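Here the structure comes first, spelled out in structure tokens, and everything after it is commentary.
The values are calculated or read from the model by the stated rules, or taken from the named source; none is laboratory data. Every value quoted in this text rests on a predicted model; they were computed, and no experiment measured them. Note that we place each Cβ from the backbone using ideal geometry, even for glycine, and neighbour counts take in every protein chain shown. Side chains are part of the model used for accessible areas, which takes the heavy atoms of the whole protein and leaves out ligands, DNA and RNA. Shrake-Rupley method; radii C 1.70, N 1.55, O 1.52, S 1.80 Å.
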Amino acid sequence: MKKLLIAGVTSGAGKTSVTLGLLAALSKQYRIQPYKVGPDYVDTKFHTRITGQSSRNLDNFLVPNPAALNYLFTKDTDGVELGLIEGVMGLYDGLGTDKDAFSTASIAKQLDVPVILVVNARATSTSAAAIIRGFKELDTDVNIVGVIINNVMSDSHYQLVKGAIERYVDIEVLGYLPHTPEISLPSRQLGLVPDNELSGVDHKIAQLGELIQQHVNLSRLMTLASDVTRTAPMPYTLPEVHCRLGVARDEAFNFYYHDNLELMEKCGIELVPFSPITDQKLPEVDALYLGGGYPEEFAAPLAQNQRMRQAIQKFSQSNRTIYAECGGLMYLGRDLQTDGARFPMVGIFDGGSVMTPRLKRFGYCYATPKQTTVLAAKAAVVIGHEFHHSTFTPRTTALQPVLQMKKIRDQQVVDRWQGGYQRQQTYAGYLHIHLYQSQQFLTDFLTQLGARVNANC
């Protein structure tokens, strides 16, 4: 397998459009394994849609063990001809001011992947050369091998920007993506609107692929990719856990890391999908997993499905295990308020969620349970991230947060808060986690899941 990383000079440089176009164009000739730097859920869905291969997240905060990250990068790549990685934000943007703190650049160096920079040429020409030169000189250990120019207004504009870059910087310009607002992909509060909600999405992606094929030197791009020389072994010993786990999978709940679900199956867990929107009853399962997503966009049909809401509440009252993240928390509360309307939800937790116009939490964090929870034991340290445009507020003093949260940036604690709630064996919180964060965490989380299931048999 060859490997290549597409990075933006800034988060708005257009790397996602370029990446999707490259995936669409190259998938016609090669078998591609797509990846996404960082904790994003939505971009990976587009990758998977285009290539037919489940896109994987490469995040060295959520997965701090280098051996585990190397394994996630190289596993199941027999027959894959190109591993194409989409960066996160700008090349050097991470946590704080350290350019190596969980940035795209840090992943490029850790996995030894050559980088193609995407620069936005809108309203610029020769200044683009200064930008590219600065990116190359800031860290010479990052192997930047080429440039693709985005938002080009005309061929003469492209020739001007290309000529300036190649005059002042020793780097190849591989081509460009024209300014085409009619095929831009819409966004909402957590990034791109998911692919399954967009009409005509396949046509737009095909158009991006055609533009990339017309204006980018794909054969040269492939020669700039480097070879993966070895496949990394699985660094962890996996516990055996035998149970049936109901996983909420529909338009409202679809934020799951592919590697988490696959790991559960490797350990013997049978994943059983169900829809809180359309299904009238729960499947025959031992435990439930409700991931993140956009329950606020589907609050009305979630509220209307009273049978499912009652079934999940009864499941919790029977002391069976439910684990919920972010959107799952919003659904398990008493109600959800959005656009001035209030919708009844499951009601396990006596509290409500309210959508907010701005992000309430954003970024990596550490969680320490104040008591033993479904998530982890008391005093354990859990790595994760929060990213939400809502608040959850208890309506009774009996419902207290069970997690002590903190955010560290540039070796300083910059924020502290509390979160996460547990009632009987139902846990829900805004925190998203990756099972590969450590041997200890994945063993404890999955083993305790199995132990709780067996205790209820």
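Values as computed for the structure displayed
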| item | result |
| --- | --- |
| Test set (1) in contact with a Leu (Cβ under 7 Å, 6 or more places away or on another chain); (2) under 16 Å from Gly175 (Cβ atoms); (3) modelled with pLDDT under 95 - Gly146 fails condition number | (3) |
| Residue tally, condition buried (at least 16 other Cβ atoms within 10 Å of the Cβ) and either among the polar types (S, T, N, Q) or out of contact with any strand residue (DSSP E or B) (no Cβ under 6 Å at 6 or more places or on another chain) (or both), over the stretch 74-94 | 7 |
| Lone unmet requirement of (1) buried (at least 18 other Cβ atoms within 10 Å of the Cβ); (2) in contact with a helix residue (DSSP H, G or I) (Cβ under 9 Å, 6 or more places away or on another chain); (3) farther than 30 Å from Gly83 by Cα for Glu240 | (1) |
| Residue within the stretch 215-229 that is at pLDDT below 95 and either over 20 Å from Val63 (Cα atoms) or β-branched (Val, Ile, Thr) (or both) present | yes |
| Residue identified as open to solvent by 40 Å² or more (accessible area, probe 1.4 Å) and under 24 Å from the mean Cα position of the chain (by Cα) among Thr368, Thr372, Thr393 | Thr368 |
| Residues of the stretch 360-395 satisfying the condition of being out of contact with any Pro (no Cβ under 9 Å at 6 or more places or on another chain), within 17 Å of Glu325 (Cβ to Cβ) and not in a strand (DSSP E or B) | Lys360, Thr373, Val374 |
| Residue in the stretch 420-427 that is in contact with a Pro (Cβ under 8 Å, 6 or more places away or on another chain) and either over 30 Å from Asp98 (Cα atoms) or open to solvent by less than 40 Å² (accessible area, probe 1.4 Å) (or both) present | yes |
| Hits in the stretch 16-52 - residues which are more than 16 Å from the chain's Cα centre (by Cα), under 24 Å from Phe135 (Cα atoms) and open to solvent by 10 Å² or more (accessible area, probe 1.4 Å) | Ser17 |
| Those residues of the stretch 294-345 which are open to solvent by less than 10 Å² (accessible area, probe 1.4 Å) and either at pLDDT below 95 or not assigned by the TED database to the domain that holds Pro276 (or both), in sequence order | Tyr294 |
